[in-house]
Amino acid sequence: MYFYIHTPLDISEGSISALANRLEPYTRDLGIREVVIRFRRRKELYEPPIPMELVLYRSGTYRLVLNQKEPDSAPIPSLNAYDLRVLRAQKYGYLYPYEIIRMLEGVSIRNRPLLHKDMRGGEFTEYDFDEHGSFVPVNRPYGQNTCGVVVGIISNKTRQHQDGMKRVWIGSDPTRSMGALAEQECKRIQACIQLARTHALPIEWIPISAGAKIAMDSGTENLDWTAIVMRELVQFAEDRSHSASGMVNIIVYGTNVGAQSYWNAQANMLMHTKGI
C-alpha cells in the first residue's frame, strides 16, 4: 500500500515508531505485505521540509519493522506470475509450495527469519514427467508446475545427519483449484511413492486439498485415480524391506477433505509413519 501526505509534518522518529506499533494490530490478517508512506518532514520551523519515505513490513507474525529512506523515483514494479501466485496463496491463508521449498533450502524469503540453523544449505531437485512420459528431474524456474502438486527430492545436512537427511517431498499448490485431485496430480503422487520405494527414502508430504476434482469436463474417473494412489500407499506402508521404506510423514496445516483425508489416514495407520 502506498500513501502520500502532502502537508509537511513536524514529527520525531520516536513518535512515528510509536504510532506504527499502535496501529499494527489492526492490520493483521488483511493480507497487507508492505506499507510505504511518502511525506515531507520539517525539522526546524524556518527550514524547508525534507522529502522522506517510510517503509513498514512484518519480519515475522507480529514483529513490525520500520525503515526510513530517501524517496525512490523509480516506478512501482509490476508483480510477475510467481509473485501473483504467492499473494493468491496468502489470501487463502496458505504458503505457496515453492516458498516452503525455499525455506527448507535455507533461503530467507520476504523478510521471514530462517528456519533452524541446522536446516541451512538444503537442496531440492524438482521432478516431473518429460515429453516421453518419464518421471525425471527437471531444471526450470520455480513456479512452472502445471498441476496442483509440486514434487521432488529434498535433502538437508544437519549436525546429526552430516551426509544429508534426504526424503521425497510432496507439496500441494493451493492456487490451482485448492489442490483438487485429478489424473495429473495422482500420477505425480503415484510416481513419488514409486520413487521413494526405489531409493528407499521416506516421504514428506504437506497437503492442501479440496478432494477429488469434479467438473464439467472430468468427474468419476478422478475417483479411480485417487483409488490407485490409495493402493500405492497401502503397498508402500506395508513395505519394510528397507529402514526408510514405508515411512510417510504428513504435515496437515489446512483444508484436507475427500480423497486427501483418506490418504492421510492410510499413510498414518502404522507405527513407523508420522502425522502432524
**Message:** Anything in the stretch 1-43 that is under 28 Å from the mean Cα position of the chain (by Cα) and farther than 16 Å from residue 65 by Cβ? List them, or say none.
**Reply:** 2, 26, 29, 30, 31
**Request:** Examine the stretch 242-253 for a residue that is part of a helix (DSSP H, G or I), of a type in the set (S, T, N, Q) and out of contact with any Pro (no Cβ under 7 Å at 6 or more places or on another chain), and state whether such a residue exists.
**Result:** no
**Fill in**
Only one of 95, 84 is open to solvent by 80 Å² or more (accessible area, probe 1.4 Å) and modelled with pLDDT of 80 or more, namely 84
**Fill in**
In the stretch 187-209, residues that are outside any helix (DSSP H, G or I) and touching a strand residue (DSSP E or B) at 6+ places or on another chain (Cβ under 8 Å) total 9
**Asked** Here are some conditions: (1) at pLDDT 80 or above; (2) small (Gly, Ala, Ser); (3) within 30 Å of residue 207 (Cα to Cα). Residue 60 meets all but one. Which one does it not meet?
**Response** (1)
**Prompt:** What residue, among those in the stretch 195-236 that are open to solvent by 40 Å² or more (accessible area, probe 1.4 Å) and of a type in the set (D, E, K, R), is nearest to the chain's Cα centre (by Cα)?
**Reply:** 213
**Request:** Among the residues of the stretch 98-130, write down those that are open to solvent by 50 Å² or more (accessible area, probe 1.4 Å) and at pLDDT below 90.
**Result:** 107, 108, 110, 111, 112, 113, 114, 115, 116, 117, 120, 121
**Item:** Selected residue (only one of 171, 133 is open to solvent by less than 60 Å² (accessible area, probe 1.4 Å) and part of a loop (DSSP other than H, G, I, E, B))
**Value:** 133
**Asked** What single numbered condition from (1) among the charged types (D, E, K, R); (2) under 25 Å from residue 247 (Cβ atoms); (3) out of contact with any strand residue (DSSP E or B) (no Cβ under 9 Å at 6 or more places or on another chain) fails to hold for residue 131?
**Response** (2)
**Request:** Go through (1) in contact with a His (Cβ under 8 Å, 6 or more places away or on another chain); (2) open to solvent by less than 50 Å² (accessible area, probe 1.4 Å); (3) not acidic (Asp, Glu) one by one and return the number of the condition residue 249 breaks.
**Result:** (1)
**Message:** I need every pair where a residue in the stretch 191-216 that is among the polar types (S, T, N, Q) has its Cβ under 8 Å from the Cβ of a residue that is part of a helix (DSSP H, G or I), sequence separation at least 6 or different chains.
**Reply:** 194/232; 209/178; 209/179; 209/259; 209/260
**Request:** Might you let me know whether the stretch 159-178 holds any residue that is basic (Lys, Arg), under 24 Å from the mean Cα position of the chain (by Cα) and over 25 Å from residue 86 (Cα atoms)?
**Result:** yes
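The values are calculated or read from the model by the stated rules, or taken from the named source; none is laboratory data. Keep in mind that this is a model prediction, so the values were computed, not measured. Cβ atoms come from the backbone with ideal geometry, glycine included; neighbour counts cover every protein chain shown. These area figures cover heavy atoms from the full protein model, side chains too; ligands, DNA and RNA do not enter into them. Shrake-Rupley method; radii C 1.70, N 1.55, O 1.52, S 1.80 Å.
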